[in-house]
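A short worksheet on the structure shown next.
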Amino acid sequence: AATSCVSYLGGDLTAQAVEGRRRVGLLDLPRAARNGLLGFFLHGPLLHFWILFLEGPFARLCLGSGLTEGPLLLVAKVALDQFVYVPFVFFPAFYTVDAVVRREEPVLFAARDRYLREIWRTCVDTWPFSIAAQFVGFRFVPSHLLIPYVTCCSFVFTGLVSGLQGKFRLAERE
């Protein structure tokens, strides 16, 4: 959880620097803190159990159904991760935790509204990086190193999502 916190915080600060906020006075520190909290309380714990599931019960289930450790299992893991887990588990939890931290009321309605408004663009814009990173991870990274690998990839992923969130908030204000 601590490494996810650092990864999410660093990813957000990098996104803000790319947006032109290179001086401390220009940084949106509450936004950076929200991302750090999301990494610590959401990404770290979820990632741990998700990777254990993909490498354990899911892999055994696939092997029992005729998939082998070859390309079909790789495609199944990446597809389940990117087209089920991320849009239907991670992002709903992300928007809910973010609504709680922002003190939006009512929390579930605020989270649902932002999710419905932003999910498609967020997924489409992050899939090129995320799908490629997951293919590399599930193909070349040993199971015991997948969590640190994905946490490192989360630095880039968080930068992408944070940049999108900044654009969404700017569009809301206009």
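The values are calculated or read from the model by the stated rules, or taken from the named source; none is laboratory data. Everything numeric in this text was worked out from a predicted model, so none of it was measured. Backbone-built Cβ (ideal geometry, glycine too); neighbour counts: all protein chains shown. SASA here: full protein model, heavy atoms, side chains in, ligands and nucleic acids out. Shrake-Rupley method; radii C 1.70, N 1.55, O 1.52, S 1.80 Å.
Which of the GluC sites (Glu not before Pro) found in region 15-77 are loop residues per DSSP with 11 or fewer other Cβ atoms within 10 Å of their Cβ? Can you show the working numbers first?
Numbers: sites: 19, 55, 69; in loops: 19, 69.
Taking region 15-77 and a limit of 11 other Cβ atoms within 10 Å, the loop GluC sites (Glu not before Pro) found are 69.
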Let me know the charge dipole size of region 84-163 about its Cα centre in debye, to the nearest 20, where only the beta-carbon of Lys, Arg (+1) and Asp, Glu (-1) is charged. 100 debye
Compare 153, 123, 62 in a GNM of the chain, Cα atoms joined below 10 Å, and give the one with the largest fluctuation. 62
Ellipsoid equivalent to region 1-65 - semi-axes via the Cα gyration tensor, in Å: 35, 11, 7
How large is the charge dipole for the chain, taken about the Cα centre, if only the Cβ atoms of Lys, Arg (+1) and Asp, Glu (-1) carry charge, to the nearest 20 debye? 280 debye
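Quick one: pull the percent of accessible area on region 113-174 belonging to carbon and sulfur, 1.4 Å probe, ligands and nucleic acids left out. Walk me through the intermediate numbers first.
Numbers: 2390 of 3420 Å².
Ligands and nucleic acids excluded, carbon and sulfur reach 70 percent.
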Can you compute the radius of gyration and Dmax for the chain, using only the Cα atoms, both in Å? 16.8, 57
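State in Å² the accessible area per residue of the chain; use a 1.4 Å probe, count heavy atoms of protein chains only, and round to the nearest integer.
Working: 9380 Å² over 174 residues.
Dividing the accessible area of the chain by its residue count gives 54 Å².
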Connecting C-alpha atoms closer than 10 Å in a GNM of the chain, tell me which of 164, 13, 61 has the biggest fluctuation. 61
Region 112-129 - phi-based ³J(HN,Hα) in whole Hz, Karplus 6.51/-1.76/1.60, Gly and Pro as x: 4, 5, 5, 4, 4, 6, 10, 4, 4, 5, 4, 5, 4, 6, 9, 4, x, 5
Backbone HN-Hα couplings from phi across region 142-158 [Karplus 6.51/-1.76/1.60, Hz, Gly and Pro as x]: x, 3, 6, 10, 5, 5, x, 4, 5, 4, 5, 5, 5, 4, 5, 4, 5
Of the residues 60, 121, 23, which exhibits the maximal mean-square fluctuation in a Gaussian network model of the chain defined by a 10 Å Cα contact cut-off? 23
